[in-house]
1. Within the range 64-91, take every residue that is open to solvent by 40 Å² or more (accessible area, probe 1.4 Å) and either under 18 Å from D217 (Cβ atoms) or hydrophobic (A, V, I, L, M, F, W, C) (or both) and give me the one that is nearest to the chain's Cα centre (by Cα).
2. For the range 234-266, how many residues are part of a loop (DSSP other than H, G, I, E, B), open to solvent by 60 Å² or more (accessible area, probe 1.4 Å) and of a type outside the set (K, R)?
3. Please work out which residue is least open to solvent (accessible area, probe 1.4 Å), limiting yourself to the range 111-134 and to residues that are at pLDDT 95 or above and of a type in the set (V, I, T).
4. Return yes or no: is K208 touching a residue at least 60 places away in the same chain (Cβ under 8 Å), surrounded by 13 or more Cβ atoms within 10 Å (Cβ to Cβ), more than 26 Å from E160 (Cα to Cα) and of a type in the set (K, R)?
5. Going residue by residue through the range 272-280, is there one that turns out to be assigned to a helix (DSSP H, G or I), surrounded by 14 or more Cβ atoms within 10 Å (Cβ to Cβ) and of a type in the set (S, T, N, Q)?
6. Looking for something closer than 17 Å to I110 by Cα and touching a His at 6+ places or on another chain (Cβ under 9 Å) - is there at least one such residue anywhere in the range 244-266?
7. Could you identify the single residue in K61, K36 that is over 22 Å from T221 (Cα atoms), among the basic types (K, R), touching a residue at least 12 places away in the same chain (Cβ under 8 Å) and open to solvent by 20 Å² or more (accessible area, probe 1.4 Å)?
Amino acid sequence: IEYVAGSSNATLARLQADKEDQKLDIVILDDGPMHKAIQQGFCTPILGLPVNDLYEPARFKDNRAVGIGLAATGLVYNPRYFREKNWPAPSSWNDLGDPRYRKLLVVPPIGNTYGLQMLVMMARLNGGGEKNIEPGFSAMKAKVNPNVLAYDATPGKIAEMFQTGRAVLGVWGSGRVQAMIDAGLPVDFVYPKEGAVALLAAACPVAKSVVSPFASDFIRTLVGTDFQLVLAREYGYGPVNRKAAVHPADLRVAPQGDRAAKLLALDWDVINEHREEWARRWIGEIER
């Protein structure tokens, strides 16, 4: 296996650039970019997918992709710092706008799925949503932006900011936070009371003139019970295979049971239609 690292958007851009001669055999993307990849014809059906073993949210139309792990987008914070300040633990998306956190916040930019989901949640909490994003931009500019130390989606940099105490609150995924906890950082994950957002890591075989005979085999392995246990223990993913007997201790912050049932789903068809426009606005109005 030759592994090519890259963000979901970077990998989608590579599929678009290599449209006439695809170099990749399998891609793993967040669910938003994966919906776009399927729309644009970059994914071919997975052969022999054990659909009856999979939870419904992991399924994609015509089996052109499949979820391999479920994560949640919510809040990450430093409990030690909050105890020292005698602050209550954060519990709401609205806490991102609390003036006490001025220049103590780190959040991903809109090019990252976590940042995009945050924008939609700020819109929903202020009377809008995917079809009316304006309240989200207004809340970001007026409430959240003054508190932001950095707009960054680099795991290493975010870990460093929490380790040094420069950042004490942020928006991040449950799997990323689990990795930080495993590394000994003083952080914990919060499912906001309004709801954390579902984030599905998904895989698809790339449509090309000669599809690799191993592509579907490899993806079936990813959703098999043995590998689902590995993803739960090592990355904090909630399982997508109902037969995967994952011990709750291996899913300290990952969505499972009641937490998974309460995750919020976004309308990716609407989001993908406006994503580029929102990205331009974000650069001009939020990160200027």
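1. As a first pass, look at the range 64-91 and keep what is open to solvent by 40 Å² or more (accessible area, probe 1.4 Å): 64, 80-81, 83-89, 91.
Cutting the leftovers down to either under 18 Å from D217 (Cβ atoms) or hydrophobic (A, V, I, L, M, F, W, C) (or both) gives us 64, 87, 89.
Values: R64: 20, W87: 27, A89: 22 Å.
Once the filter is applied, the top-ranked residue is R64.
2. First, the residues of the range 234-266 that are part of a loop (DSSP other than H, G, I, E, B): 236-237, 239-240, 242-247, 251-256, 262-263, 265-266.
Those left that are additionally open to solvent by 60 Å² or more (accessible area, probe 1.4 Å): 242-243, 245, 247, 252, 262, 265.
Going one step further and asking which of them are of a type outside the set (K, R), we end up with 245, 247, 265.
The total comes to 3.
3. Result: V120.
4. On the way: touching a residue at least 60 places away in the same chain (Cβ under 8 Å): yes; surrounded by 13 or more Cβ atoms within 10 Å (Cβ to Cβ): yes; more than 26 Å from E160 (Cα to Cα): yes; of a type in the set (K, R): yes.
The answer is yes for K208.
5. Within the range 272-280, one or more residues are assigned to a helix (DSSP H, G or I), surrounded by 14 or more Cβ atoms within 10 Å (Cβ to Cβ) and of a type in the set (S, T, N, Q).
6. Taking the range 244-266 and keeping what is closer than 17 Å to I110 by Cα, we get 266.
Checking which are touching a His at 6+ places or on another chain (Cβ under 9 Å) leaves us with none.
Scanning the range 244-266, I find no residue that is closer than 17 Å to I110 by Cα and touching a His at 6+ places or on another chain (Cβ under 9 Å), so the answer is no.
7. Values: K61 fails: over 22 Å from T221 (Cα atoms).
None of the other options fit; the residue is K36.
One line per residue, one yes/no per condition, for (1) open to solvent by less than 50 Å² (accessible area, probe 1.4 Å); (2) hydrophobic (A, V, I, L, M, F, W, C); (3) within 30 Å of P88 (Cβ to Cβ):
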{"position": "A183", "(1), (2), (3)": "no, yes, yes"}
{"position": "V187", "(1), (2), (3)": "yes, yes, yes"}
{"position": "P192", "(1), (2), (3)": "yes, no, yes"}
{"position": "G195", "(1), (2), (3)": "yes, no, yes"}
{"position": "C204", "(1), (2), (3)": "yes, yes, no"}
{"position": "P213", "(1), (2), (3)": "no, no, no"}
{"position": "R220", "(1), (2), (3)": "no, no, no"}
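The values are calculated or read from the model by the stated rules, or taken from the named source; none is laboratory data. Remember, it's a predicted structure, so these values are computed and weren't measured experimentally. Quick reminder, even Gly has a Cβ in these numbers, built from the backbone with ideal geometry, and neighbours come from all protein chains shown. Accessible surface areas use protein heavy atoms only, side chains included; no ligands, DNA or RNA. Shrake-Rupley method; radii C 1.70, N 1.55, O 1.52, S 1.80 Å.
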